[in-house]
Amino acid sequence: MQTEAQSRVRETKHRTLCSPRGATCVALLLTCSSTALAQCYVEESQKLVGHMRNDDFGQASVIDGDILAVGSPEGGAGPGRVEIYRRSQGIWTRVQTVTADDAAFDDRFGSSVELKAGLLTVAAPTDDNDRGADAGAVYVFRYDGNAFTQEAKLIGSATGAGHRFGSGVEIAADQVLVLSESENLVYGFAHNGDAWGEIARIPTGAANTSRIAADRNVLLVYAANTREVTIYRFDPPNWLPFQVVSTGLLSEIDLRGEDAVFAYGPFSDDAAAVVYQDVHGAFLEQARIPVTAEHQGFDAAIDGDHLVLTVGHFLDRQILYLYRRDRGTWSFVSKLVRSDMPVADPFISVALDADTAVLGIPADAQIGQAYVFDGLGAVEADCDPCTLIRTLQTRCRDGKLRVKIKSDLHHDERLHLDLGGEVFTMAFNERGTGKLKRNRQSGMIDVSVLECPGLNGTVDCGT
C-alpha cells in the first residue's frame, strides 16, 4: 500500500499543449517529482576561497589523506603561495600558508604542487635566480606532523634563462621529478640523507613536452608534437623507456598505482578519456570514456576505482563527471557540480585521493575557489532526470515556437528535445528553467524530450 509521502514523490499531472489558434489541443501526460529527491548531481561538501582577486587560487591542488594543498601563484599580483588545509571530523580547515624563503614578485610559486608521504613540492616556473630570468625553480617542504618546513630549492644543472624549470612536478621512486619544458628534459632529484641532489636527466626526445605524471617507479611523459606518451620505469640507477603509446592530442594525463588516464579535451570525436592499466609490465587500454553531445574531457584524475573527468566547453569546464570501476568495468555514477553560479575559466585543476575530489577554479580577475567533494564512495548512480521535470509548456504564434521546461534540475544539466525531427539541446539556468526558441515554423510540430520516453506532444504552428 502506498503511503501519503510516497504518493507525493511521484504524482501524475496533465499539462496541455495548445496552439494559440485553438485548432489543436493535445493533453500531455508527464510524471514529475514534487522535490528533488532523485539526485542527478552531487554538490560540493565544502568551498574554499582565496585571499584576493588575481591570486589564481585553485590553479593547482593535491590531496594526500587528510592534507590538502592548494596553489595560488598570484600571477601579476605577488610571488605566490600554497594554502594547506587539514581535514578533521569531515571539515577542511586552513592550517598553514606555505611560501618560499626567497619569494619574489611574479615567481608563480604554486603553479604546480605534489604531495606524497609528507613531502610537498612546489613549482615556481618564473623564478629569477643565478641561472637567469624565468629560469624557474622547485621548492621542497617536509611535514613534521604539525607544519611544512622548507628543506631545499632545486634548479636543474642545465637550466638557463627562460627555461621555466618546474613546468610540472611529480614524486615517484623516492625522487622529485621536474619537467623543464623549454629544455625538453625531466630532472630527477633524490635525498642522500644530508641534502637533495640531482641524480637524473631524462631527455624526452621531443619538443613541446607538455605533461608528466608519475607514481611508484613509473613516469609518463607526453609530447604534443609527436602525440605520444613515453613510459619510463626506474631501474636503479636509471629511468629507462619501455613503452610508447600513440595517443593523438591530449589535454591532460594522470597516473596512480597501476592505472593511467589520458584526457582528450576537444581533440577527439570518439573518446573523452582513455584508461590504461599496467598488466604484467605493459600498459594496456582498459576503457574508453565516450564523448557526449555537449561534453568533452579536459582534465582527469584517477585513484583506485574512482575517476573524475572535467567536462564542458572550452570556457566552461566546471563540472566533474564521476566514474566508478566495478569488476573491471568503468561506469558513469554522477555529476559533481558547484552550488553557485559558474564563472567561465578554462584554467582549472582537478585532484583526487580515495573518495575525495577537488575542483579548483582560479577565476581570472576574481577570487579563486576550490570545491571539495567528500564521500564519493557513498554516491549512488540512481538518477532519473525525468523525475525532476515539473512542467513542460509550448506555444506557437506567427511561426514562432517556444518551449519551456520548469524543473528541479541543476543549472549545468542539459536535455535534448526533438522538434519536428530536429534535435536541439536545452540548457537549464540556476532556477531549473530551460527554454528553446525556433522561428519560421509551420504545420503540426511533434515535441518530445529524448531522455524521457512518453514526454511528448504536438503543437499547431499554422500555415
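No value in this document is a laboratory result; all are computed from the given coordinates. Since the structure is predicted, the reported quantities are computational estimates derived from the model, not experimental observations. With ideal geometry, Cβ positions are generated from the backbone for all residues, glycine too; neighbour counts draw on all protein chains shown.
Structure data summary
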{"item": "Candidates per trypsin sites (Lys or Arg not before Pro) in region 361-463, loop by DSSP, up to 15 other Cβ within 10 Å", "result": "431, 440"}
{"item": "For 426, 444, order by how many other beta-carbon atoms lie within 10 Å, fewest first", "result": "444, 426"}
{"item": "For peptides 228-235, 302-309, sequence by mean Cβ density within 10 Å, most packed first", "result": "302-309, 228-235"}
{"item": "Mean Cβ count within 10 Å, highest first, over the residues of peptides 51-61, 271-281", "result": "51-61, 271-281"}
{"item": "Mean Cα-pair separation over length for region 41-378, i.e. relative contact order, pairs under 8 Å, 6 or more apart, %", "result": "15"}
